[in-house]
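Notes for the one structure printed next.
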Amino acid sequence: MIDLYSLYERMHDNNIMLSFKGEVTFDLIDSILKIIEGRLDKMEDDRKTMKKVYNILVECLQNLCHHVDSIEMDETMANMNRTAILIIFSDEHAYHVVTGNYIQNENVTPLRSWLDQINSNTKEELRELYKKILNNEQFSAKGGGGLGFIDIARKSGQKLLYNFQPVNTKYSFFSFQINIPKQ
Amino acid sequence: MEPLIIEPSNTTPKVKFDPATGVMLLSGRSTPENSVEFYKQMLDWLDEYAGRPCQRTELNIKLEYFNTSSSKCLLDIFKSFNNLHKAGNDVIVKWYYEEEDEDMQEAGEDYSDLLNVPFEIIEVKE
């Protein structure tokens with residue numbers, strides 16, 4: 001028998017609001033958003049912070065879903081198809097949204113430079129970049145078009161934290177974290 | 001021409017476009033995964049409306065949340081009002097945001113920067 005109580009205690013001590021590992025679908029995302037919205041309603045008095053957390057969570061989850069949607073899996077990864085991890089926790093100072101998913105190695109460099117570019121921009125530069133992409137006719141049919149991470153950076157006012165862990169010759173694991181300060 | 005009325009859902013806004021009065025409303029939240037599909041019906045309706053618009057057209061946007069997938073669709077909606085204005089019609093877009101919600105205020109300002117149609121940004125006190 002696994003030591004479930006110690007796992008429970010660890011999750012409790014880390015103030016985990018929700019954790020999930022498994023296949024990500026749009027239906028699942030809807031359910032998670034409903035759960036978190038209900039919980040935020042009870043624990044967060046500041047409406048501004050509540051809206052920020054909800055908004056950022058929508059972007060993180062839809063990003064995650066598009067990522068796992070676009071990845072081409074081969075036999076080496078058959079069991080992990082569409083699998084991702086999501087953890088939402090809070091502490092005294094902030095809410096934290098952490099996601100992890102597989103990406104193809106060839107996408108690591110472009111994603112890294114995109115995230116670095118966003119992190120190197122000031123608030124005003126991010127705003128201009130957002131408007132530029134928004135007004136660009138060449139917007140992706142899915143609607144995201146790269147605005148997701150900019151929006152997350154703008155709304156949180158924080159740097160995007162990330163890590164790429166090589167898994168094998170084809171895939172890496174992309175970890176992403178955003179902290180949303182409490183008011 | 002029939003009015004366009006869409007009841008809100010957890011991820012899509014309430015829509016009420018009235019061709020008789022020229023008053024249009026978009027309110028609630030807009031966070032669908034596929035916004036293009038949802039907004040197409042509004043853009044189609046507005047195309048038809050542009051053929052015989054009211055003397056004055058007013059679009060009221062009262063959004064609580066919207067995702068980046070909706071942001072481009074919203075711009076497309078605004079652009080059709082922009083065109084109506086360019087064609088010499090009396091058009092105004094009113095963007096409402098909740099008191100102290102700087103994110104929504106900035107979003108309104110961003111749209112306003114990209115458009116020529118009269119665009120009013122209004123703070124709503126709680």
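Full-extension gain between A:LYS42 and A:GLN117, please, as 0.36 nm times their residue separation minus the C-alpha to C-alpha distance.
23.4 nm
Accessible area per residue, 1.4 Å probe, Å², for segment A:4-181: what's the number?
That works out to 51 Å² per residue.
What distance in nm lies between label points placed 7 Å from Cα along the C-beta direction at B:GLU109 and B:GLN55?
Those two pseudo-labels are separated by 3.6 nm.
Mind giving me the nanometre distance, one decimal, between the label points for B:LYS16 and B:ASP76, set 7 Å out from Cα along Cα→Cβ?
So the two model labels end up 2.5 nm from each other.
Chains A and B: buried accessible surface, both sides, probe 1.4 Å, rounded to 100 Å²?
When A and B are taken together, about 2800 Å² of accessible area is lost.
Using a 1.4 angstrom probe, figure out how much accessible area chain B has per residue, in square angstrom, rounded to the nearest whole.
Spelled out: the 1.4 Å probe surface of chain B, per residue, equals 46 Å².
Going from the alpha-carbon gyration tensor of the protein assembly as shown, what semi-axes, largest first and in whole Å, does one get by taking the root of 5 times each eigenvalue?
Ellipsoid half-lengths, sorted descending, are 37, 22, 18 Å.
Between A:ASP91 and B:LYS40, how high is the FRET efficiency from 1/(1 + (r/R0)^6) when r is the Cβ-Cβ distance and R₀ = 41 Å? Nearest 0.05.
After rounding, the FRET efficiency stands at 0.45.
Do any residues of segment B:104-122 show a loss of at least 10 square angstrom of accessible area between the isolated chain and the full protein assembly, using a 1.4 Å probe, and if so which?
Residues shielded by partner chains are B:GLU106, B:GLU109, B:ASP110, B:TYR111, B:ASP113, B:LEU114.
So what are the ³J(HN,Hα) numbers for segment A:36-48, from phi and the Karplus equation (6.51, -1.76, 1.60; θ = phi - 60°), rounded to whole Hz, Gly and Pro as x?
5, 4, x, 5, 4, 4, 7, 9, 10, 7, 7, 4, 4
How large a share of the accessible area of segment B:4-124, in percent, is made up of carbon and sulfur atoms when the probe is 1.4 Å and the other protein chains stay in place?
Whole-percent figure for carbon plus sulfur exposure: 45.
Compute the label zone of A:LYS170 within segment A:51-71: residues whose backbone N is under 11 Å from the point 7 Å along Cα-to-Cβ.
What the label zone holds, given the 11 Å backbone N cut-off, is no residue at all.
Residue by residue through segment A:20-25, what is 3J(HN,Hα) from phi via Karplus (6.51 cos²θ - 1.76 cosθ + 1.60, θ = phi - 60°)? Round to whole Hz and write x for glycine and proline.
With coefficients 6.51, -1.76 and 1.60, one gets 8, 9, x, 6, 9, 10 Hz.
Round to the nearest 10 and report in Å² the accessible area of A:ARG39, as given by a 1.4 Å probe over the protein chains' heavy atoms.
Accessible area of A:ARG39: about 100 Å².
About its Cα centre, how strong a charge dipole does the protein assembly as shown have in debye, to the nearest 20, once Lys and Arg get +1 and Asp and Glu get -1 at the Cβ?
260
For labels at B:LYS125 and A:THR83 in the simple 7 Å Cα→Cβ model, what's the distance in nm?
A separation of 5.6 nm, rounded to one decimal place.
Tally Lys and Arg at +1 and Asp and Glu at -1 over the other residues with C-beta under 14 Å from the C-beta of A:LEU28: what net charge comes out?
So the surrounding residues net to -2.
Stokes-Einstein D for chain A at 25 °C, 0.890 mPa s, Kirkwood Rh over Cα pairs, in µm²/s?
140
Can you put A:SER156, A:SER113 in order of accessible area, largest first, using a 1.4 Å probe?
A:SER113, A:SER156
The values are calculated or read from the model by the stated rules, or taken from the named source; none is laboratory data. Note that the structure is a prediction, hence the values are computed from the model and not measured. Methodologically, a virtual Cβ is constructed for each residue, glycine included, from the backbone with ideal geometry; neighbour enumeration extends over all protein chains shown. Side chains included, ligands, DNA and RNA excluded: accessible areas come from the protein's heavy atoms. Shrake-Rupley method; radii C 1.70, N 1.55, O 1.52, S 1.80 Å.
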